[in-house]
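The values are calculated or read from the model by the stated rules, or taken from the named source; none is laboratory data. None of the values given here were measured: they were computed from a predicted structure. Positions of Cβ are backbone-derived with ideal geometry, glycine not excepted, and every protein chain shown enters the neighbour counts.
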Amino acid sequence: MTATPDVDILVIGAGQAGLSVGYHLRRLGLRPERDFLLVDHSPAPGGAWQFRWPSLTLSTVNHVHDLPGMSFEETLEPGSENVQAATAVPRYFDRYEQRFDLRVRRPVTVTVVCDRATAATCPNQEVDGLLHAELEPADTLRVRGLVNATGTWDKPFIPYYRGTETFAGRQLHAHDYRTAADFAGKHVVVVGGGITAIQLLDEISQVTTTTWVTRREPVFRRGQFAPEDGRAAVAIVEDRVRRGLPPGSVVSVTGLREDARVKAMQARGVLDRHPMFESIEPDGIRWADGTFQRAEVILWATGFRSALDHLAPLRLRGPGGGITMSGRLATQVDADPRIYLIGYGPSASTIGANRAGRAAAVELTSYLGIPTHTAV
């Protein structure tokens, strides 16, 4: 017998994806704090944007996509190009939450989600057919459905290489980068082939010497990135998650745009890419051919992983480590249709999160049989 839930739907995370879901649930006629609850572990609005490095301004950021129903431009003043992204985007999110009365509860951390019928790792309770989310500050919430929109910011990934623990200099992930001035006078090895690696390499190389290292040969694309290119890239990632494989990154199949910044870096000789080193030593890195590069800093711009540890008791992952996804936009967990993952696989981009937010709201309310009043 199914017990009465505290709310029908719990949305975890109030970044781009979570706010999009909240907006569309409101459009469907659901009431915040009564029919659904949106929680976020950060103390203030802004998602991961509030933690970006200070030099990332609106003129240097890749792009800020509008949330549904409200333009980012509405919150900007003339001459905002040099405003920090960590200031402008959180202000936008804050106003968005207020305009659509999303009533985000924060700071709230979801420590674990259990299904009492299957999760032996959770405290014994009656089997009631609901998902149980344990929260900090101390609370337990019983829900019928769950949209996980925790993104990746809290799960920076650093691969292991032989000798990592012996390095006497400083190692950090892009997650913890603040300013290039921190590295003045030190040789910095920048590891990574994505957009973030390029941005940080550009800044750091203007104040000190650098070595750029990537696992694969980077591919630079000339001209604008057309919509059909984006759709093709997302389709590749979507196919992987529908087959239960780890998603991989969209940039790995799109390449990097050869814009004015990249051309300037090429002219300065900064984009002299090296293949991955063989090992790390106390005062530098050793290449596969035995040659050595002295370094005082290793900056890992090696991406992030989905922050899904709190869902581990539900045993959603398959043998290969991926989660098999279904639904129109591959956001519904195949093993448990009550659960949607936004920001996993094809919905990891900000524009993808908007589309996935709408699909999740419509599909989950339909699956749970929740009456809706307004079409979206």
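Among (1) modelled with pLDDT under 95; (2) surrounded by fewer than 18 Cβ atoms within 10 Å (Cβ to Cβ); (3) among the β-branched types (Val, Ile, Thr), which single condition is THR152 missing?
Single failed check for THR152: (2).
I'm trying to understand the selection: among the residues of segment 210-223, which are exposed (fewer than 14 other Cβ atoms within 10 Å of the Cβ) and of a type in the set (Val, Ile, Thr)?
VAL219 - this is the single residue of segment 210-223 that is exposed (fewer than 14 other Cβ atoms within 10 Å of the Cβ) and of a type in the set (Val, Ile, Thr).
Does at least one position in segment 207-218 carry a residue that is free of Cβ contacts under 8 Å to residues at least 24 places away in the same chain, touching a strand residue (DSSP E or B) at 6+ places or on another chain (Cβ under 9 Å) and closer than 19 Å to PRO54 by Cα?
So far as segment 207-218 goes, no, none of its residues is free of Cβ contacts under 8 Å to residues at least 24 places away in the same chain, touching a strand residue (DSSP E or B) at 6+ places or on another chain (Cβ under 9 Å) and closer than 19 Å to PRO54 by Cα.
Checking PHE51 against (1) without any contact (Cβ under 8 Å) to a residue 60 or more places away in the chain; (2) within 30 Å of ASP182 (Cβ to Cβ); (3) among the aromatic types (Phe, Trp, Tyr): exactly one of these is not met. Which one?
(1)
Please work out if ILE342 is at pLDDT 95 or above and not polar (S, T, N, Q).
The answer is no for ILE342.
Please verify whether segment 326-342 includes one or more residues that are in a helix (DSSP H, G or I), assigned by TED's automatic domain parsing to the domain that holds ARG27, under 13 Å from GLY15 (Cβ atoms) and touching a Ser or Thr at 6+ places or on another chain (Cβ under 9 Å).
At the first step, the residues of segment 326-342 found to be in a helix (DSSP H, G or I) are none.
The answer is no, given that none of the residues of segment 326-342 is in a helix (DSSP H, G or I), assigned by TED's automatic domain parsing to the domain that holds ARG27, under 13 Å from GLY15 (Cβ atoms) and touching a Ser or Thr at 6+ places or on another chain (Cβ under 9 Å).
Take the residues of segment 53-84 that are small (Gly, Ala, Ser) and at pLDDT 90 or above: which is nearest to GLY18 (Cα to Cα)?
It comes out as GLY69.
Restricting attention to segment 49-72, report how many residues are outside any loop (DSSP other than H, G, I, E, B) and either within 9 Å of ALA85 (Cα to Cα) or in the same structural domain as GLY194 (by TED's automatic domain parsing) (or both). Give the derivation first.
Initial filter on segment 49-72 (outside any loop (DSSP other than H, G, I, E, B)): 49-51, 57, 67, 70, 72.
Going one step further and asking which of them are either within 9 Å of ALA85 (Cα to Cα) or in the same structural domain as GLY194 (by TED's automatic domain parsing) (or both), we end up with 49-50, 57.
Residues meeting the conditions: 3.
Among the residues of segment 171-190, is there at least one that is buried (at least 16 other Cβ atoms within 10 Å of the Cβ), over 22 Å from LEU271 (Cβ atoms) and not polar (S, T, N, Q)?
For segment 171-190, residues buried (at least 16 other Cβ atoms within 10 Å of the Cβ), over 22 Å from LEU271 (Cβ atoms) and not polar (S, T, N, Q): present.
Let me confirm something: among SER80, SER42, SER71, which residue is surrounded by fewer than 17 Cβ atoms within 10 Å (Cβ to Cβ) and in contact with a helix residue (DSSP H, G or I) (Cβ under 7 Å, 6 or more places away or on another chain)?
Going through SER80, SER42, SER71 in turn, just one is surrounded by fewer than 17 Cβ atoms within 10 Å (Cβ to Cβ) and in contact with a helix residue (DSSP H, G or I) (Cβ under 7 Å, 6 or more places away or on another chain): SER80.
Give segment 299-316 a look and list any residue that's part of a helix (DSSP H, G or I), out of contact with any Ser or Thr (no Cβ under 7 Å at 6 or more places or on another chain) and surrounded by 16 or more Cβ atoms within 10 Å (Cβ to Cβ), or say none.
Correct list: LEU311, LEU314.
From the residues in segment 317-364 that are within 19 Å of the chain's Cα centre (by Cα) and without any contact (Cβ under 8 Å) to a residue 60 or more places away in the chain, which one is surrounded by the most Cβ atoms within 10 Å (Cβ to Cβ)?
By that ranking, first place goes to THR331.
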